[in-house]
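Notes follow once the structure below has been shown.
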Amino acid sequence: MDKDILYVGVDDNDIELFEGQFVVENGMSYNSYIIMDDKICIMDSVDKNFKDEWINNVKKALNGKKPTYLVVSHMEPDHSANIMALCDEYKDITVVYTQKASQMALQFFNRKPNNELIIKENDTLDLGKHKLQFIAAPMVHWPEVMFTYDSVSKTLFSADAFGKFGALSFDDPEGWACEARRYYFGIVGKYGQQVQTVLKKVSQLEINTICPLHGPILEDDLSYYLNTYDTWSKYESESKGVFIAYASVYGNTEKACLLLKEMIEKTGTHVSIADMTDEDFHESIEDAFRYDRLVLASVTYNGTIFPVMNNFIEALLERNYQNKKIAFIENGSWAPQTAKLMEAKFQNSKNIEVVEPKVKIVGGVNDSVISQLEALSNALKD
Ligand code: FEO
């Protein structure tokens, strides 16, 4: 990172669920930066629980100097909660944000900062040495979002984009992609088209460093991160393989799915599998987008799809699930019908190919089920 840019964010190691739903076993970071220049510029605030720690970080970095600007990339409270605390500390500071962000400030705080500068796409802010340029990034992932590009240090402040789960103090052995993927498909996945739009804009820029609002600062081989975001936001499959998601009540549907996994793996095809009643729901969303083939297996329950599977399919549809091959397995002792019900859910999804046969289980796994699974494994192999 450029020597004039200082990190003043915080780690949240107490949080269990981010946004009330995403399991974050390894915590979360709320990133904030300061650009030290003739006019000192703070980039975003942090979650409300870290007001004192953040203000202390800011003061320490400023070392007695006064900031001129606070740039607000995103008004979601995990980043905006302490705007007014900073304005109360530095009464002359000017808050720089979009018109929509300004409206939201009033909505959240019932008051406005003393000084605000409303900016729009392509506006610039001259700090002395560093020159900032603003890039609108609506719906990545709120409507008021903007990126900031410092053309001198070639740093892109990318708001939530390129963020990942996990505190910065946690050295993630899985690297960036695993938790960045779960973050992306969980939080931004619905807005692939909008991500594509902003990626096209930033492709015109020379970038050395990406400073997101969550997760590590990205510096090496930025094309890897940009290309991965391109793949995700185009709804292209990142990996070849089959993801089997099942909802089983007494273990028979599970047994069929484990058999199917074994059969497919024998062909050398990669298989990932999740028990939807047990696994992290958002890990499963991530895998459903990651792989090019999906198997959905559900018992019939009250004449319809088992609730957790129904929720899972709805979560995929909400995120514009598309460009996949999908196979269905149903189980029902007297009226199995989840295969057709699950298939019907995808009727308006783009570029979905249903893989036959649909496997019907009427209680336990018998020879008929095994031969159906063999046929399906042949249809799903690489
Ligand atoms: Fe990290 Fe959309 O807030």
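The values are calculated or read from the model by the stated rules, or taken from the named source; none is laboratory data. Note that the structure is a prediction, hence the values are computed from the model and not measured. Every residue, glycine as well, gets a Cβ built from its backbone with ideal geometry; the counts of neighbours run over all protein chains shown.
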When you go through (1) without any contact (Cβ under 8 Å) to a residue 24 or more places away in the chain; (2) among the aromatic types (Phe, Trp, Tyr); (3) in a strand (DSSP E or B) one by one for Tyr224, which number turns out not to apply? (3)
Within the range 223-230, is even one residue surrounded by 15 or more Cβ atoms within 10 Å (Cβ to Cβ) and in contact with a strand residue (DSSP E or B) (Cβ under 8 Å, 6 or more places away or on another chain)? yes
So which residues in the range 341-379 are in contact with a Phe, Trp or Tyr (Cβ under 8 Å, 6 or more places away or on another chain) and outside any loop (DSSP other than H, G, I, E, B)? Met342, Glu343, Ile352, Val354, Lys358, Val359
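Counting only residues that are in contact (Cβ under 8 Å) with a residue 60 or more places away in the chain and not aliphatic (A, V, I, L, M), which one in the range 57-77 is farthest from the ligand (Cβ to nearest atom)?
Residues of the range 57-77 that are in contact (Cβ under 8 Å) with a residue 60 or more places away in the chain, as a first pass: 71, 73-76.
When the remaining residues are screened for being not aliphatic (A, V, I, L, M), the result is 73-74, 76.
On the way: Ser73: 9, His74: 6, Glu76: 4 Å.
The selected residue is Ser73.
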Check the range 186-198 and report whether any residue there is away from the ligand (no atom under 16 Å from the Cβ), of a type in the set (Val, Ile, Thr) and over 27 Å from Thr68 (Cβ atoms). yes
Note on the range 27-56: residues under 17 Å from Ala167 (Cα atoms), within 16 Å of the ligand (Cβ to nearest atom) and not in a strand (DSSP E or B) are Gly27, Asn31, Ser32, Ser45, Val46, Asp47, Lys48, Asn49, Phe50, Trp54
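For the range 80-99, what are the residues that are assigned to a helix (DSSP H, G or I) and closer than 21 Å to His214 by Cβ? I'd like the intermediate steps shown before the answer.
Quick first cut of the range 80-99, residues assigned to a helix (DSSP H, G or I) only: 80, 83-89, 99.
The answer is Ser80, Ile83, Ala85, Leu86.
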Limited to the range 102-150, what total is found for residues that are in contact with a strand residue (DSSP E or B) (Cβ under 8 Å, 6 or more places away or on another chain), within 16 Å of the ligand (Cβ to nearest atom) and not in a loop (DSSP other than H, G, I, E, B)? 5
In the range 151-172, is there at least one residue being at pLDDT below 95 and more than 16 Å from the ligand (Cβ to nearest atom)? yes
So, in the range 78-94, exactly how many residues are within 16 Å of the ligand (Cβ to nearest atom) and not acidic (Asp, Glu)? 5
Criterion (in contact with a strand residue (DSSP E or B) (Cβ under 6 Å, 6 or more places away or on another chain) and not basic (Lys, Arg)) met by exactly one of Ser203, Ser158: Ser158
